[in-house]
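**Student:** Below is the structure I would like to discuss, written out as structure tokens.
The values are calculated or read from the model by the stated rules, or taken from the named source; none is laboratory data. Remember, predicted model here, so these are calculated numbers, not experimental data. In this analysis, Cβ positions are derived from the backbone assuming ideal geometry, glycine residues included, and neighbour counts consider all displayed protein chains.
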Amino acid sequence: MRITTLLPVALLLSACSITNPADERAQGLSRLGEQLFSDPRLSADGITSCASCHDPLRAFTDGRKISVGAFGRPSTRNAPSLLDLEDMESFFWDGRLDDLHETLLQPFTAPNELANPSIDHVVQVVKDIPSYRRDFQKVLNGRSLDERALTDAIAAYLENLDRGTNRYELAQEGGSALSAEEKRGLALFEGKAQCAACHTPGTTALTDNQFHHAGIGFERASGRIKSLVERIDDAQRSRSQLGNLILEDEEVAELGRFVTTRKAADIGGFRTPALRNVANTAPYMHDGSVPTLEEAVDRELYYRGIASGRPIALTVDEQRQLLAFLHSLSLE
Ligand code: HEC
Ligand code: HEC
């Protein structure tokens, strides 16, 4: 009796949950992206994946100073979080690419990341796995399973990640999500400590998307620019080879933005990183050379003050408040 009266309701509910085919394909693509992202079969050593260096449980970073790829090969850079891609105007610490799909292809063949011989090889590996072949067929709507399909899937996954809302964002919407101490820290961040000059408030990631020097790692490259430029020229013939060189050659990596612009003023310049989730992304800076958030703040206060010609002196209490504010940018 009960069952018969409930039946129409159940039918109605299931009818409502039927989404249109295009939405279903988009969701299927994003699910495929999630699988590819953590699939070690797409690496040359069979045990490394994107998630090895971009761990979803660590705000898509790896907790290492510099990343270690297939066959234990160390790279030259610290893995950035991938939770803020939609706020980025260019990709990688030196902004050498501005196309997301091109960016997503590079790790597959970088010798210090997934180390595959070619992207065609990766596409073939995916095609040879029956479940991928079947599931891609369902979502591609007649398109072929090629490199674009792979990056479409990964991009769909990364663009649809649930980024959550941190307390700073909640506070911006009104309300009292920040404690008194954190509010004082925010005032310092925007005022006396001058952080907001580059870590732009109002944008969720707190970055101006520009490139600045921090005096980090730079001493390693200075004085050797000419020979380094020759190495870059050799690699520049192919963009992926330039990326590979940067991840293999510490000295070239330290040239930062210069590699792309060739302007002397850009030597050692790096993109202002996102500060969202910053308490969860240690160690810090492009080379992971700063182990804790406290030290990163100390360093920023010191160098940014020197660089702008206006040294910043905060009291111990103020430093604590600034740090408290930075902690409010992470999801608990
Ligand atoms: C060995 C570790 C490692 C692996 C494996 C790896 N990455 Fe990364 N990833 C990094 C590092 C390090 C950087 C920064 C490189 C640079 O700035 O030159 C980076 C940068 C990126 C960026 C640019 C982020 C930004 O803010 O500009 C994206 C996107 C990305 N990786 C996606 C992926 C995807 C997708 C995969 C798998 C196909 C992958 N990565 C595999 C370490 C890794
Ligand atoms: C002139 C621009 C500029 C100013 C001002 C500035 N920053 Fe930065 N910040 C950067 C850049 C660029 C980096 C990356 C440097 C690198 O890796 O070489 C960075 C890195 C950081 C990092 C490390 C983040 C990570 O994921 O590695 C923290 C934390 C940070 N800044 C906090 C602050 C604070 C706090 C202030 C104010 C005291 C401040 N910054 C002022 C540009 C700036």
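**Student:** Hey, among the residues in the range 55-93 that are more than 13 Å from ligand 2 (Cβ to nearest atom), surrounded by 18 or more Cβ atoms within 10 Å (Cβ to Cβ) and closer than 20 Å to residue 290 by Cβ, which one's nearest to the chain's Cα centre (by Cα)?
**Tutor:** Checking each candidate, the answer is 67.
**Student:** Please enumerate the residues belonging to the range 163-182 that are part of a loop (DSSP other than H, G, I, E, B) and within 17 Å of residue 203 (Cα to Cα). Break it down into steps so the answer makes sense when it comes.
**Tutor:** So the first thing to find is which residues in the range 163-182 are part of a loop (DSSP other than H, G, I, E, B), and the list is 163-166, 173-179.
Within the range 163-182, 163, 164, 165, 166, 173, 174 qualify.
**Student:** So, one more: List pairs: first in the range 108-130 and within 19 Å of residue 34 (Cα to Cα) and of a type in the set (D, E, K, R), second part of a helix (DSSP H, G or I) and away from ligand 2 (no atom under 16 Å from the Cβ), Cβ under 8 Å, 6+ apart or cross-chain?
**Tutor:** 113/70; 113/106; 113/107; 127/133
**Student:** Moving on to the next point. Tell me, which residue of the range 189-223 that is at pLDDT 70 or above and of a type in the set (Ser, Thr, Tyr) is nearest to ligand 1 (Cβ to nearest atom)?
**Tutor:** Residue satisfying both the conditions and the ranking: 207.
**Student:** May I ask you to verify whether residue 189 is among the aromatic types (Phe, Trp, Tyr) and farther than 20 Å from residue 61 by Cα?
**Tutor:** On the way: among the aromatic types (Phe, Trp, Tyr): yes; farther than 20 Å from residue 61 by Cα: yes.
Against the criterion (among the aromatic types (Phe, Trp, Tyr) and farther than 20 Å from residue 61 by Cα), residue 189 qualifies.
To keep it simple, each residue is scored yes or no on (1) touching a Gly at 6+ places or on another chain (Cβ under 7 Å); (2) among the charged types (D, E, K, R); (3) without any contact (Cβ under 8 Å) to a residue 60 or more places away in the chain.
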{"residue": "162", "(1), (2), (3)": "no, yes, yes"}
{"residue": "167", "(1), (2), (3)": "no, yes, no"}
{"residue": "182", "(1), (2), (3)": "no, yes, no"}
{"residue": "185", "(1), (2), (3)": "no, no, no"}
{"residue": "203", "(1), (2), (3)": "no, no, no"}
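**Student:** Looking only at helices (runs of 4 or more DSSP H) that fall completely inside the range 10-129, which ones have 3 or more residues that are more than 22 Å from residue 247 (Cα to Cα) and more than 7 Å from ligand 1 (Cβ to nearest atom)? Spell out how you get there, then give the answer.
**Tutor:** Values: elements: 21-37, 50-53, 100-109, 119-127.
By residue number, 21-37, 119-127.
For every residue, the table says whether it meets (1) closer than 23 Å to residue 205 by Cβ; (2) buried (at least 21 other Cβ atoms within 10 Å of the Cβ); (3) out of contact with any strand residue (DSSP E or B) (no Cβ under 8 Å at 6 or more places or on another chain).
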{"residue": "240", "(1), (2), (3)": "no, no, yes"}
{"residue": "255", "(1), (2), (3)": "no, yes, yes"}
{"residue": "263", "(1), (2), (3)": "no, no, yes"}
{"residue": "279", "(1), (2), (3)": "yes, no, yes"}
{"residue": "290", "(1), (2), (3)": "yes, yes, no"}
{"residue": "298", "(1), (2), (3)": "yes, no, yes"}
{"residue": "314", "(1), (2), (3)": "no, no, yes"}
{"residue": "322", "(1), (2), (3)": "yes, yes, yes"}
